[in-house]
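Below: one structure, written as structure tokens.
The values are calculated or read from the model by the stated rules, or taken from the named source; none is laboratory data. Just so you know, these numbers come straight off a predicted model, no measurement behind them. Here the Cβ positions follow ideal geometry from the backbone for every residue, glycine too, while neighbour counts run over all protein chains shown. Ligands, DNA and RNA are stripped out before the accessible areas are found, and what is left, the full protein with its side chains, is counted by its heavy atoms. Shrake-Rupley method; radii C 1.70, N 1.55, O 1.52, S 1.80 Å.
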Amino acid sequence: MDQTLTVRAATLADLADIDALLGRSYPVLLKEAYPPSLLVTAIPLISKAQPRLIASGTYFVVEEAGVIVGAGGWTRAAPGTGRSSGRVGHIRHVVTDHTRVRKGIGRRLMAHILDDARSAGAVRMECLSTLMAVPFYAACGFGERGPVSISLRPGIDFPAVLMDLAL
């Protein structure tokens, strides 16, 4: 792993940089796995940073030379429902700069997220993976539980894969 990468808790001061990272990377990273007709409606909905998530203390950024090149975190509350599942954590809004994939950023971030969740008492993690990120999560030890459809808003359903990992 690249030793020049640092991971720290995100703050609201990072909001614009995380938005920019999501906005420039999701369209490139997702284009091989989803039809353009879906991406044109989904990208504006999924590529915005969530202030409450960023301020949660369990959302992190990866920096290299002061530039945010990755972001992601976890919550006890399940995405979209807000319901807590006891000692189950949920991977949330993970992204790596599309020009820096396969450089150790995602692995460094995921190791930090899993260590943080484990330290907080989580015993299992769930993830709603995009179709193209399934191999990454599998390489991190997650197993596939099956396909799911995430309703982004009425009439916009986003295919994903539910994955989990025992901590």
- Message: Only sites in a loop by DSSP and with at most 13 other Cβ atoms within 10 Å count here; which trypsin sites (Lys or Arg not before Pro) in the range 59-143 make the cut?
- Response: Arg83, Arg87, Arg102
- Where a ≥ b ≥ c are root eigenvalues of the Cα gyration tensor, a/c under 1.5 meaning rounded, otherwise prolate if a/b exceeds b/c and oblate otherwise, the range 1-88 counts as oblate
- Summed over the other residues with a beta carbon less than 10 angstrom from that of Gly121, with K and R at +1 and D and E at -1, the charge totals +3
- Length-normalised contact order of the chain in % [C-alpha pairs under 8 Å, at least 6 apart]: 22
- Query: Of Gly23, Gly80, Gly70, which has the largest mean-square fluctuation in a 10 Å C-alpha GNM of the chain?
  - Reply: Gly80
- Task: Round to the nearest 10 and report in Å² the accessible area of Asp157, as given by a 1.4 Å probe over the protein chains' heavy atoms.
- Result: 80
- Query: Around Arg76, with a cut-off of 14 angstrom between Cβ atoms, what is the net charge of the other residues, counting Lys and Arg +1 and Asp and Glu -1?
  - Reply: +4
- Where Rh is the Kirkwood radius over the Cα pairs of the chain, the temperature 20 °C and the viscosity 1.002 mPa s, what D in µm²/s does Stokes-Einstein return? 134
- In a GNM of the chain with a 10 Å cut-off on Cα contacts, which of Ser84, Ser119, Ser25 has the highest mean-square fluctuation? Ser119
